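Coordinate-derived values only; no laboratory data. None of these values were measured; they are calculated from a predicted model. As a convention, Cβ positions derive from the backbone with ideal geometry for all residues, glycine included, and neighbour counts pool all protein chains shown.
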Amino acid sequence: AQKITQTQPGMFVQEKEAVTLDCTYDTSDPSYGLFWYKQPSSGEMIFLIYQGSYDQQNATEGRYSLNFQKARKSANLVISASQLGDSAMYFCAMRLMDTGRRALTFGSGTRLQVQP
Amino acid sequence: DAGVTQSPTHLIKTRGQQVTLRCSPKSGHDTVSWYQQALGQGPQFIFQYYEEEERQRGNFPDRFSGHQFPNYSSELNVNALLLGDSALYLCASSLTGGHGYTFGSGTRLTVV
């Protein structure tokens with residue numbers, strides 16, 4: 001079974017600084033995808049970034065980048081130039097690429113607070 | 001282009017009652033998944049529907065059932081509600097073959 005571990009229940013960062021949110025995963029399948037979602041207090045899960053297990057380069061989306069270290073089974077999210085609007089819960093998730101097993105497995109999340 | 005729409009947004013039910021939650025997927029998406037998110041936790045997968053059939057199921061009892069309609073919209077039904085069923089229920093839609101998921105804002109269910 002797949003497992004996602006997020007060891008940081010809460011993080012603080014100063015506005016305009018960079019922050020790294022940790023995520024480790026466990027699976028025996030070679031083909032999988034890794035996701036990061038942002039969940040503001042409204043409840044909606046907002047997709048941030050995706051990394052496939054066979055992707056050679058780390059994914060980037062604007063201020064978000066994913067530090068993918070396959071051998072260590074880690075997929076840390078880096079947010080550059082933090083903004084007050086980045087304050088939210090952040091979830092790391094994975095799914096297997098077998099079309100019969102498309103469920104997302106989520107971690108417990110990290111609450112990020114950006115301070116002015 | 002509308003995203004995923006869930007209704008109702010909030011619901012209060014009494015223990016033992018039954019509840020139905022509804023989800024309209026993003027335009028062009030044909031697969032709907034449901035997740036339960038208890039307070040302070042990450043979402044847990046309930047089940048996924050594609051072509052009106054349940055394709056994958058998480059570790060939830062048979063009290064949780066669902067349906068997908070020909071227009072791809074979906075319902076989640078929970079029978080014999082327990083206090084522990086209180087949670088945010090999230091619907092996510094996707095397109096078969098793609099890896100992107102679009103989530104709705106959820107239905108917050110409170111069982112008293």
For the stretch A:72-77, in order, what is each residue's ³J(HN,Hα) by Karplus, 6.51 cos²θ - 1.76 cosθ + 1.60 with θ = phi - 60°, in whole Hz (x at glycine and Pro)?
8, 6, 10, 9, 7, 9
Return the whole-Å distance between the Cα centroid of the stretch A:15-49 and the Cα centroid of the stretch B:66-112.
21 Å
Work out, step by step, the length gained on full extension between residue B:67 and residue B:7: first 0.36 nm times the residue separation, then minus their alpha carbon distance; give nm to one decimal.
20.1 nm
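Relative to 2.2 N^0.38 Å, what does the C-alpha radius of gyration of the stretch A:52-116 come to as a ratio? Two decimals please. Please list the in-between numbers first.
On the way: Rg = 13.8 Å, N = 65, 2.2 N^0.38 = 10.7 Å.
So the stretch A:52-116 has a normalised radius of gyration of 1.29.
About the Cα centre of the stretch B:46-112, what is the dipole size in debye to 20, counting +1 per Lys and Arg Cβ and -1 per Asp and Glu Cβ, all else neutral?
Numbers: 4 positive and 7 negative charges, 51 e Å.
Its charge dipole is roughly 240 debye.
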Output wanted: per-residue J couplings in Hz (rounded whole) for the stretch B:67-75, from phi through Karplus 6.51 cos²θ - 1.76 cosθ + 1.60, θ = phi - 60°, x for Gly and Pro.
7, 10, 9, x, 8, 6, 5, 9, 10
The farthest towards the positive end of the charge dipole of the stretch A:44-89, of the residues A:69, A:84, A:47, given +1 on Cβ of Lys and Arg and -1 on Cβ of Asp and Glu, is A:69
How many nm is it between the label spots at residue A:29 and residue B:14, if each spot is 7 Å from the Cα in line with the beta carbon?
4.3 nm
Assuming R0 = 22 Å, what is the FRET efficiency of residue A:80 and residue A:115, from their Cβ-Cβ distance, to the nearest 0.05?
0.85
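Using only the Cα atoms, what convex hull volume per residue in Å³ does chain A have? Intermediate values should be presented prior to the final figure.
Working: hull volume 11.4 nm³, N = 116.
Taking the convex hull of the Cα positions in chain A, it is 98 Å³ per residue.
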Just to be sure I follow the rule: in the protein assembly as shown, considering lysines 8 or more places apart or on different chains, how many pairs have Cα atoms under 30 Å apart?
12
Listing A:111, A:72 from the residue with the fewest other Cβ atoms within 10 Å to the one with the most, what is the order?
A:72, A:111
In the neighborhood of residue A:18, defined by Cβ-to-Cβ distances under 13 Å, what is the net charge if each Lys or Arg adds +1 and each Asp or Glu adds -1?
-1
For the stretch B:78-88, 3J(HN,Hα) per residue [Karplus equation, 6.51 cos²θ - 1.76 cosθ + 1.60, θ = phi - 60°, Hz, x = Gly/Pro]:
10, 9, 6, 4, 10, 4, x, 7, 4, 5, 8
With just the Cα atoms of the protein assembly as shown, tell me how far they stretch along each of the three principal axes, in Å, largest first.
48, 38, 35
Please report, for the Cα atoms of the stretch B:38-112, the Rg to one decimal and the Dmax as a whole number; what are they, in angstrom?
12.9, 41
Under unit Cβ charges (Lys, Arg +1; Asp, Glu -1), what dipole magnitude, rounded to 20 debye, does the stretch A:1-54 have relative to its Cα centre?
40 debye
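Given a Förster distance of 45 angstrom, what is the FRET efficiency for residue A:64 paired with residue B:83, based on the Cβ-Cβ distance and rounded to 0.05?
Values: r = 38 Å, r/R0 = 0.84.
Efficiency computed from Cβ-Cβ geometry: 0.75.
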How much net charge surrounds residue B:111 when only other residues with a Cβ under 15 Å from its Cβ are counted (Lys, Arg +1; Asp, Glu -1)?
+3
Nonlocal amide H pairs with residue B:86, under 5 Å, H built at 1.01 Å:
B:111
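Using the Cα centre as the reference, give the magnitude of the dipole from point charges on the C-beta atoms of the protein assembly as shown (Lys, Arg: +1; Asp, Glu: -1; all else neutral), rounded to the nearest 20 debye. Walk me through the numbers before you get to the answer.
Numbers: 19 positive and 19 negative charges, 91 e Å.
About 440 debye.
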So the FRET efficiency between residue A:42 and residue A:72, C-beta based with R0 = 35 Å and rounded to 0.05, is 0.55
The long-range amide H neighbours of residue A:63, using H built 1.01 Å from N in the peptide plane and a cut-off of under 5 Å, are none
